[in-house]
Amino acid sequence: MVFVNTVVIVQVGLGLTQSAVALALALALALASFGAGSMVAALVLPRLLEKLTDRSVMLGGIGVMVAGLFAGTLVVGHASLMVLWFVLGLGYSTAQTPSGRLLRRSSNPEDRPALFAAQFALSHACWLFLYPLAGWLGTRFGMTATFVMLGCAGALAVLVTTMVWPSEDPDIIEHEHPDLPAGHTHTQGAVDNGDRVRHAHAFVVDHQHSHWPSAGR
């Protein structure tokens with residue numbers, strides 16, 4: 001919404017069409033507000049992440065963006081647009097910045113290049129869809145409807161995330177290895193329950209852990 005439609009909102013929605021200089025200044029100030037919000041979040045996040053989980057922080061950031069998109073329907077002037085863009089920048093950086101920590105936590109060192117590449121490709125595939133969608137919605141239905149529709153898309157993302165990312169997400173998980181033989185190097189020192197080998201460690205999905213354990217397995 002910010003990158004695609006700022007110029008349309010400033011020039012058409014706010015009626016700043018008289019002077020190219022005034023238009024350029026208004027655009028610069030609006031985008032600078034978004035950047036300022038992102039920078040403030042980036043400066044605050046290190047201390048915030050010492051007290052809160054990645055999940056809470058990232059979902060909070062997405063929630064701020066969703067609320068901001070819905071609030072965009074109330075923008076009536078350049079000052080209110082700058083405040084809104086600052087809030088969206090704050091939420092954007094809060095949601096995006098911890099993603100590197102999350103990817104490192106979710107993988108072994110040898111798997112991280114592939115995981116980071118996959119995340120990069122997936123995020124840009126989403127942008128490839130939503131960038132033109134934001135522009136098309138704006139020209140077809142107007143900015144108010146675009147704010148609402150993109151807000152709904154963000155709310156759907158929050159809903160999906162809360163479903164697939166459990167609130168209880170410990171690093172170390174006790175689990176079993178029914179497929180590994182006794183004495184396997186990965187399970188040395190583990191408790192042997194007959195046909196199942198059970199132990200606990202920092203858990204990531206890899207070639208020895210093909211799926212997330214459930215019910216302690």
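Please treat every number below as a calculation from the coordinates, not as lab data. Keep in mind that this is a model prediction, so the values were computed, not measured. Using ideal geometry, Cβ is built from the backbone for each residue, glycine included, and neighbour counts are taken over all protein chains shown.
Would you mind getting me the FRET efficiency between R105 and A153? Use the beta-carbon distance for r and R0 = 22 Å, nearest 0.05. Each step should come with its number before you reach the end.
Values: r = 27 Å, r/R0 = 1.21.
Efficiency for this residue pair is about 0.25.
Full extension of the chain segment joining L133 with E50 gains 26.2 nm, where the gain is 0.36 nm per residue of separation less the Cα-Cα distance. With the simple spin-label model, which puts each label point 7 Å out from Cα in the Cβ direction, the W212 to H124 separation comes to 2.7 nm.
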